[in-house]
Amino acid sequence: MTSYALIGAAGYIAPRHMRAIAETGGNLLVAYDPNDSVGILDSHFPDAQFFTEFEQFDRHIDQIRRSGRAIDFAAICSPNYLHDAHCRFAMRAGADAICEKPLVLDPASIDGLAQIERDTGRKISTILQLRLHPAIIALRERFANSNKRHKVELTYITSRGQWYHASWKGEEGKSGGVAMNIGVHFFDMLSFVFGGVSRNEAHLREPERAAGSLECERADVSWFLSINRNDLPESVRGKKTTFRSIKVDGEEIEFSEGFTDLHTRSYEEILAGRGFGLDDVRTSIDIVSDFRGLPITKANGVHPFAIKANRP
């Protein structure tokens, strides 16, 4: 049976990893989080050891290793700015890492992690779940051999309350900002479907919103991201808290459903040796890292949601 440790057990995304571990026949031996609101463990792994101090967690991992048992994987669900350090810890403890997005905030950190992979013989896999979404796979196949450039409009609005700004997610140095925290897997999806990026422009960069445009190999993309519920379209406001939309050449691509089991699918692929590694994640991290340093422009291709809000 595959054995796991979990870092960040009290986080928002951790239950999806617990479910994925359980549904793929794994066993969670030990979990860590500085916060102790982790009763969700009882739903899947009531016998898992739990620590609120990293030093005790580290010692327990070492005791497991010295006893002749093994932690095969460390699932990392900690705040974004800690992913790099926790991946390093996992590999040096003799485990492969399964890390939530974004893998790192700085592209240079990818090279450092690659070196530790080589030094330890361990591997990092990251969760790029949209690559496994049936609608996105179909979209990629549909446009893989297209000889024309396409116009793509991506909109993602997911409401967050005032707590967001009081948490690490509201600190750009810890989360990477809205574009990184809620957008990085969409940028990965866009390059996955439409090819590499040759131009990157910033049209809006605020604590709750971001917008820009990308020139991909096969498409010109305008995108808008927001955590402000006032940006939700009138048609869904008061009914839903999240709005996702991809339009290709004016055609709406339906992908609003099918998200709930993508972490389990991700684990299945990782266990089969088909996980997404460091090379896969580089393009999306580069996109957001570049975006943070770009001047705000009012070029052509500004997303209509940004225009509607008088931004830019």
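The values are calculated or read from the model by the stated rules, or taken from the named source; none is laboratory data. Computed from a predicted model, the values in this text were never measured in an experiment. A quick note on method: Cβ atoms are made from the backbone with ideal geometry, for glycine too, and the neighbour counts reach across all protein chains shown.
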Next item on the list: For THR264, indicate whether it is under 22 Å from the mean Cα position of the chain (by Cα), farther than 30 Å from ALA108 by Cβ, modelled with pLDDT of 95 or more and not charged (D, E, K, R).
Entry: yes
Next item on the list: Within the range 179-215, count every residue that is touching a residue at least 60 places away in the same chain (Cβ under 8 Å), over 21 Å from VAL104 (Cβ atoms) and part of a strand (DSSP E or B).
Entry: 6
Next item on the list: Among residues belonging to the range 234-247 that are in contact (Cβ under 8 Å) with a residue 12 or more places away in the chain and surrounded by fewer than 21 Cβ atoms within 10 Å (Cβ to Cβ), point out the one that is farthest from GLY173 (Cα to Cα).
Entry: LYS247
Check: How many residues does the range 137-177 contain that are more than 21 Å from VAL288 (Cα to Cα) and aliphatic (A, V, I, L, M)?
Finding: 5
Next item on the list: Examine the range 135-148 for a residue that is in contact with a Gly (Cβ under 7 Å, 6 or more places away or on another chain), crowded, with 17+ Cβ neighbours inside 10 Å and under 22 Å from HIS263 (Cα atoms), and state whether such a residue exists.
Entry: no
Notebook entry, point to check: Wholly within the range 106-177, which helices (runs of 4 or more DSSP H) include no fewer than the required count, namely at least 1 residues that are outside the structural domain of ASP188 (by TED's automatic domain parsing), more than 18 Å from LEU190 (Cβ to Cβ) and not hydroxyl-bearing (Ser, Thr, Tyr)?
Noted result: 107-120
Margin query: Need the failing condition index for LEU132 against (1) out of contact with any strand residue (DSSP E or B) (no Cβ under 8 Å at 6 or more places or on another chain); (2) surrounded by fewer than 19 Cβ atoms within 10 Å (Cβ to Cβ), just the number.
Written below: (2)
Checklist line | Matching option when the condition is more than 16 Å from LYS247 (Cα to Cα), among the acidic types (Asp, Glu) and modelled with pLDDT of 95 or more, among GLU153, GLU234, GLU171 | finding: GLU171
Notebook entry, point to check: Does ALA74 fit the bill of being in contact (Cβ under 8 Å) with a residue 60 or more places away in the chain and in contact with a Phe, Trp or Tyr (Cβ under 8 Å, 6 or more places away or on another chain)?
Noted result: yes
Next item on the list: Need at least 2 residues that are surrounded by fewer than 21 Cβ atoms within 10 Å (Cβ to Cβ) and more than 22 Å from the chain's Cα centre (by Cα) per element, so show me which helices (runs of 4 or more DSSP H) inside the range 23-100 make the cut, counting only ones lying wholly within it.
Entry: 41-44, 54-66
Next item on the list: Could you tell me which residue of the range 1-15 is farthest from LEU262 (Cα to Cα), considering only residues that are β-branched (Val, Ile, Thr) and not in a strand (DSSP E or B)?
Entry: THR2
Check: On the given criteria, is SER67 on the phi < 0 side of the Ramachandran plot, at pLDDT 95 or above and hydroxyl-bearing (Ser, Thr, Tyr)?
Finding: no
